[in-house]
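Chemist: My questions all concern the structure below.
A short reminder: the numbers here are calculations on the coordinates, not readings from a lab. Just so it is clear, the model here is predicted, and its values are computed rather than measured. All Cβ positions, even for glycine, are placed from backbone atoms using ideal geometry, and neighbour counts span all protein chains on display.
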Amino acid sequence: MRRLIPTGDGSRPVEFAQAAQPVPAPDEVLVKVEAFAPNRGETFLLEAPEPGLLPGKDVAGLVVQAAADGSGPPVGTRVVGHPPRGGWAEYASVATGSIAVLPDELTTVQAAALPLAGITALRLLRAAGTVTGRRVLLTGASGGVGHYVTELAAAAGAEVTAVTATAERGSRLRELGAAAVVHGVDEAEGPFDVVLESTGGSALGAALARLVPGGTLVWFGQASRTPATVDFFDLLAGPENAVIRHFHYAGAPYGRDLVTLVRLAAGGRLHPEIGRTADWSRTAEVLVDLRERRIRGKAVLTIGAAR
């Protein structure tokens, strides 16, 4: 089979290679991949790839070999999955605890855009606690996670202020339920009960200063790739007893969250924001554009006739 492997070349970060078809473990299904969605964090790993790196966490396709232990769906079932690696290939092994069956209402392309960003959004909001009736500040809102968080939080009754770089990106966030859209943390009119911060650099300190006393900041990324700095003395005139939490979405199994995301998307209550769809022959180009923030929302690559 063919798979994409890292090159270490920033201008063309992956290339095709021949590889043996994966041999699933007893609790895994073999999926014929029809679509996959790269994540911006994966583009950073490709800059100096570790030996043996096989990227690919978000896949959707057709089960062509059922799990030997009897768990999971039968051959011929359309699924979305979140393997730990190896998804940028014609076939991928995925644990049955980290897949969800796709209904007819959801296309393979839509499903591929759900896993990492959607799971992150679900778990991030759980970490933040109840958001109903609370004021929420979300930085880095124009990416896949930001779109899902905005829609889920607004649907739960939160008053969301989204921070995004351009007015064009902000218009869609308003459609998804954002009460306000600003282009920098300094423009956000606080105070906020909850801050969800993914930018790093100076944004974390500026966002922290906009918390109510006893408010919570959940730090879940550093998209600017600039280390965050906080001056303790700045807090003395700001949010007393603020709580700062570090968050990372990872922790299998992912199946229950995928089932939730599929149900919401199929029911029209969650809308995958796909900024670009392309054949996987253009993966290298798409990865560069994703890394350089030239794609709004998610990018999805298709293999063959994705449905």
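Chemist: Counting other beta carbons within 10 Å of each Cβ, put Trp88, Trp280 in order, fewest first.
Modeler: Trp280, Trp88
Chemist: Right, another one. For the chain, what is the mean residue ellipticity at 222 nm derived from helices alone (per DSSP H run of n ≥ 4: -39500 (n - 2.57); sum divided by total residues; nearest 500 deg cm²/dmol)?
Modeler: -7000 deg cm²/dmol
Chemist: Quick one: order His271, His147 by neighbouring beta-carbon count within 10 Å, fewest to most.
Modeler: Going from sparsest to densest Cβ surroundings: His271, His147.
Chemist: For the range 1-85, what is the relative contact order in percent, using Cα pairs closer than 8 Å and at least 6 residues apart in sequence?
Modeler: 29
Chemist: Continuing with the same structure: Counting only Cα, what are the radius of gyration and maximum Cα-Cα distance Dmax of the range 121-246, in Å?
Modeler: 13.1, 39
Chemist: Helix 144-155: angle to the longest alpha-carbon principal axis of the chain, degrees 0 to 90, nearest 10?
Modeler: On a 0 to 90 degree scale, this one is about 60.
Chemist: Counting alpha carbon pairs within less than 8 Å and at least 6 residues apart, what relative contact order, in whole percent, applies to the chain?
Modeler: Relative CO of the chain lands at 19 percent.
Chemist: At 1.002 mPa s and 20 °C, plugging the Kirkwood radius over alpha-carbon pairs of the range 217-267 into Stokes-Einstein gives what diffusion coefficient in µm²/s?
Modeler: D = 147 µm²/s.
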